[in-house]
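> Encoded as structure tokens, here's the structure I'll be asking about.
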There are 4 protein chains.
Amino acid sequence: MPPERIRILVTGGTFDKEYNELSGTLFFHDTHVPEMLHLGRCLLDIEARTLMMVDSLDMTDDDRRIIVEHCRAAPESRIVITHGTDTMVETAAHLGREIRDKTIVLTGAMVPYRFGSSDGLFNLGSALAFVQTLPPGVYIAMNGRVFPWDKVRKNKGQGVFEAA
Amino acid sequence: MPPERIRILVTGGTFDKEYNELSGTLFFHDTHVPEMLHLGRCLLDIEARTLMMVDSLDMTDDDRRIIVEHCRAAPESRIVITHGTDTMVETAAHLGREIRDKTIVLTGAMVPYRFGSSDGLFNLGSALAFVQTLPPGVYIAMNGRVFPWDKVRKNKGQGVFEAA
Amino acid sequence: MPPERIRILVTGGTFDKEYNELSGTLFFHDTHVPEMLHLGRCLLDIEARTLMMVDSLDMTDDDRRIIVEHCRAAPESRIVITHGTDTMVETAAHLGREIRDKTIVLTGAMVPYRFGSSDGLFNLGSALAFVQTLPPGVYIAMNGRVFPWDKVRKNKGQGVFEAA
Amino acid sequence: MPPERIRILVTGGTFDKEYNELSGTLFFHDTHVPEMLHLGRCLLDIEARTLMMVDSLDMTDDDRRIIVEHCRAAPESRIVITHGTDTMVETAAHLGREIRDKTIVLTGAMVPYRFGSSDGLFNLGSALAFVQTLPPGVYIAMNGRVFPWDKVRKNKGQGVFEAA
């Protein structure tokens, strides 16, 4: 496998939430993706960019347009997007309808990376593997599985992604 | 992607080392793979079996024969093997020369899962993704990358895997 | 020092907050005090009771009356209370005005124990040491320091306790 | 309680062991005490010095003489010493026979701080509390308890300290 560069686009989501010890609330400070790549001893050629830092429930159509534009304009043909889980399927649909010549994998986490029991590192590892091996298309990688953008839904009662 | 069952064969390695607080040494107690799958909220259909719990420097040809036999006999055609990094390439070579009709991915960790800064969860996530998407063959998944069994070596000075 | 029994009264607070991965909010489930004592290999003779599980901003005068009553009725003369930091000083004042024959130490945490970077274990260790060694009185133990109940305030801007 | 300066003398021990991912062995790199004080949001006036970084089984009488000399020469009258548990009692005895006008508390950990399940933060919190409140003397603080230097032994079978 050639050492093809992979782009990571950070949009926020639970992945990157932190605990504000003064207010006792959760907030976004900065992305943990570089630290996670370091922890994973990741040696892929990666270009990471933070596009926004938002809870995906607050993501607007303007935000989604920015994500689509960045994917289109990126020189890389393999892209991982970290994203809140609540509207991940919706953003994937925007991308799926507009971009057909790149492999794009969205992933996220149910628990913030900073907290003890996060699934974030597992999900990032799987997303980076899927993005290297899947053919062009837009996918969601969660729970160890991968789904095409138009065949997945979030089961909000159980907090998992499933075929739709 | 059909929900095809994946087999995980546990052989020990740094992945599963723990700290014995009475002797101050590292030892093997039991595998952490089920706990890691739980942490990753993994919903793949997985059958995990512990074949042995050894430091890969102590792995014998008999041990490798057992691993080959289990891969051959497994009803699953997609298999992940957790393995110490020191002789992972050697075990992969045994498998690569003998098994050609299954997708087998070996992975491990540079730091025990139990310790704070382990790469284990990242590697397990990537190995499970690679095993679902790669064609039949024997591979090593480490550092976010994947290598065919006959084109990889461990760089012991740097503690990473690289193309050979 | 005789192995005198110590009572721990749990009232909630940041100490015991957890992350609800379905709603993305913080909530109280159950106390982590027994797990923390186990982690600290604590061998003190301890009787732990959960009185309530509340954010200290939501604590009412009725709640404080319950705490005072439990301290008064406890057979132990040394008591640690885990409590949210926001109104810890207020609860300490209620206790300080009413109970003079026991050593009572309130402590808490700025970051939930479940999250990576909690001060909870450090604070619990110090509170248990202070309660064994200080004369009767009501104290707050935070930031490695201890203050009499009527000479302390929380500096909310900095998230620390200081002499008042 | 006046903000009297406390000296911390670091001598190594399990507290500060790390995992060398190249060799798979445990080693000493640098002390974690400042990081632990930061995690505990400790606001005590502390002067920390590293005297040595050794496994206490390797500690010599020369090392112990250095520790005694540093305690004697320190301008502070309250001193915490982080120390391996295996010979902590022996070092405490050297100190106890020679220094009578200062409060000296030795503490350590059964599991390295860097590893997930360390008792180190709990012990450091308790040692710093004991050193502020106990009269002059030499003590060992472990398992939430404190013992005078001449009334304690390590139960090596159980990995705990107990009255002797």
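> Give the nm distances, rounded to one decimal, from D:His38 to the matching residue in every other copy, measuring between label points 7 Å along Cα toward the beta carbon; shortest first.
1.1, 3.0, 3.2
> About the Cα centre, and with charges only on the beta carbon of Lys, Arg (+1) and Asp, Glu (-1), how big is the dipole of region B:1-148? Nearest 20 debye, please.
On the way: 14 positive and 20 negative charges, 113 e Å.
The calculation lands at about 540 debye.
> Can you pull the accessible area of B:Ser23 for me, 1.4 Å probe, Å² to the nearest 10?
Roll a 1.4 Å probe over it and B:Ser23 shows about 70 Å².
> What is region D:1-84 by shape, rounded, prolate or oblate, if you read a ≥ b ≥ c off the alpha carbon gyration tensor as root eigenvalues and call it rounded for a/c under 1.5, prolate for a/b larger than b/c, and oblate otherwise?
Oblate.
> Could you rank D:Asp55, C:Asp62, D:Asp16 by how accessible they are, 1.4 Å probe, largest area first?
C:Asp62, D:Asp55, D:Asp16
> Averaged over peptide B:33-41, how many Cβ atoms belonging to another chain are found within 10 Å of each residue's Cβ?
5
> Per residue of B:102-110, what is the mean number of Cβ atoms on other protein chains within 10 angstrom of that residue's Cβ?
Partner Cβ neighbours, averaged per residue: 1.
> Just how far, in whole angstrom, is region C:120-164 from region D:48-108 if you go by their alpha carbon centroids?
Taking the Cα centre of region C:120-164 as reference, the centre of region D:48-108 is 27 Å away.
> Is region C:109-164 best put as rounded, prolate or oblate by its Cα gyration tensor, with a ≥ b ≥ c the root eigenvalues, rounded for a/c under 1.5, and otherwise prolate when a/b is larger than b/c, oblate when not?
oblate
> Would you kindly work out, in nm and rounded to one decimal, the distances from the label point of B:Glu4 to those of the same position in each other copy, ordered shortest first, with label points 7 Å along Cα-to-Cβ?
2.1, 6.9, 7.2
> Indicate the gyration tensor shape class of chain A (rounded, prolate or oblate), computed on the Cα atoms with a ≥ b ≥ c the square roots of the eigenvalues: a/c under 1.5 is rounded; otherwise a/b larger than b/c is prolate and the rest oblate.
Note, shape of chain A comes out rounded.
> Okay, moving on. Nearest-to-axis residue of chain D, judged by Cβ, for the D-to-A rotation, with distance in whole Å?
Taking Cβ atoms only, the nearest residue and its distance are D:Gly116, 4.
> Let me ask you something else. Would you look at the GNM of chain B, springs on alpha carbons closer than 10 Å, and say which of B:Gly120, B:Gly144, B:Gly12 moves the most?
Of B:Gly120, B:Gly144, B:Gly12, the most mobile in the Gaussian network model is B:Gly144.
> OK, next. Do any of A:Lys102/A:Lys151; D:Lys102/D:Lys151; C:Lys102/D:Lys154; C:Lys17/C:Lys151; D:Lys17/D:Lys156; A:Lys17/A:Lys156 go past 21 Å between their Cα atoms, and which?
Violating the 21 Å limit, Cα to Cα: C:Lys102/D:Lys154; C:Lys17/C:Lys151.
> 222 nm [θ] for chain A, helices only, -39500 (n - 2.57) per DSSP H run of 4+, per residue, to 500?
The helix contribution divided over chain A gives -8500 deg cm²/dmol.
> Counting only other chains, and only Cβ atoms inside 10 Å, what mean value do you get across the residues of C:44-52?
Counting other chains' Cβ atoms within 10 Å and averaging over C:44-52 gives 1.
> With a 1.4 Å probe and all protein chains kept in place, how do B:Arg114, D:Arg78, C:Arg100, D:Arg153 rank by accessible area, largest first?
Numbers: B:Arg114 90, D:Arg78 55, C:Arg100 175, D:Arg153 120 Å².
These residues rank, largest area first, as C:Arg100, D:Arg153, B:Arg114, D:Arg78.
> Another question, then. Treat every Asp and Glu Cβ in the protein assembly as shown as -1 and every Lys and Arg Cβ as +1, leave all other atoms uncharged, and give the resulting dipole magnitude about the Cα centre to the nearest 20 debye.
For this selection, approximately 0 debye.
> So how strong a dipole does region C:54-122 carry about its Cα centre when Lys and Arg Cβ are +1 and Asp and Glu Cβ are -1, to the nearest 20 debye? The partial results should precede the final answer.
Numbers: 8 positive and 12 negative charges, 66 e Å.
Roughly 320 debye for region C:54-122.
> Oh, and also: Picking from D:Ile66, D:Cys42, D:His83, whose Cα lies most toward the positive end of the charge dipole for chain D (charges on Cβ: Lys, Arg +1; Asp, Glu -1)?
Working it through, the farthest residue towards the positive pole turns out to be D:Cys42.
> Could you put C:Lys151, C:Lys17 in order of accessible surface area, largest first, with the 1.4 Å probe and the full protein assembly present? Intermediate values should be presented prior to the final figure.
On the way: C:Lys151 110, C:Lys17 20 Å².
Most to least solvent-accessible, the answer reads C:Lys151, C:Lys17.
The values are calculated or read from the model by the stated rules, or taken from the named source; none is laboratory data. As the structure is a computational prediction, the values presented were derived from the model and not from experiment. Backbone-built Cβ (ideal geometry, glycine too); neighbour counts: all protein chains shown. To get the accessible areas, we keep the full protein, side chains included, count just its heavy atoms, and leave off ligands, DNA and RNA. Shrake-Rupley method; radii C 1.70, N 1.55, O 1.52, S 1.80 Å.
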